Amino acid sequence: MADLLTHLLVAFALGTIASWRVDWLTHRWVVVGVGGAAIPDLVKVDIVLDADAVSAALGVPFSFEPLSTLGGVLIVAGLITLAFERDHWRRVHGLAVTGGVLSLVAALSFATVVVAADRHLVADE
């Protein structure tokens, strides 16, 4: 769960910094981007709700893994966007997708660092 917190804090920090330059990007819009950063981590719902139980209930194969992909971010961000007034859809979807992409990039960067560190440790042995 530490990675979820990290993704949220990175999105909040970058959104806050961007809000210093972009007039319409107020604190309430930064929070929408932070919410988008949580989308790829929805895969952790599997801890509480087993994918096999969902498969049995739906009658079709089911997995939470696609939520942590760019396609999953786009679809979930679209669903979140529908909860807002139509006038704000473009802005909400853009911020949610941006937050989700930041989360994916942060996860990829962290995974790259971990793999590089593992290789370095193995090479030293």
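All of the numbers you see were taken from the coordinates with simple rules; none came from a lab. All figures in this text were calculated on a predicted structure; none of them were measured in a lab. Because the Cβ atoms are built from the backbone with ideal geometry, glycine has one as well, and the counts that use them run over all protein chains shown.
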Provide the gained length on full extension for the span THR6 to TRP20, in nm with one decimal, where the gain is 0.36 nm per separating residue minus the Cα-Cα distance.
2.9 nm
Loop sites in the range 1-75: trypsin sites (Lys or Arg not before Pro), DSSP, at most 15 other Cβ within 10 Å
ARG21
Dipole of the range 2-124 (Lys/Arg Cβ +1, Asp/Glu Cβ -1, origin at the Cα centre): which of ALA37, PHE110, LEU82 lies farthest to the positive side?
LEU82
Roughly how big is the range 10-64's charge dipole about its Cα centre, with Cβ charges of +1 (Lys, Arg) and -1 (Asp, Glu), in debye to the nearest 20?
320
Which of these values of Rg/Rh (Cα atoms, Kirkwood Rh) was calculated from the structure shown: [x] 1.00; [y] 0.95; [z] 1.07?
[z]
Could you give the dipole magnitude of the chain about its Cα centre, charging the beta-carbon of Lys and Arg +1 and that of Asp and Glu -1, in debye to the nearest 20?
660
With -39,500 (n - 2.57) per DSSP H segment of 4 or more residues and division by the full residue count of the chain, the 222 nm estimate, nearest 500 deg cm²/dmol, is -23000 deg cm²/dmol
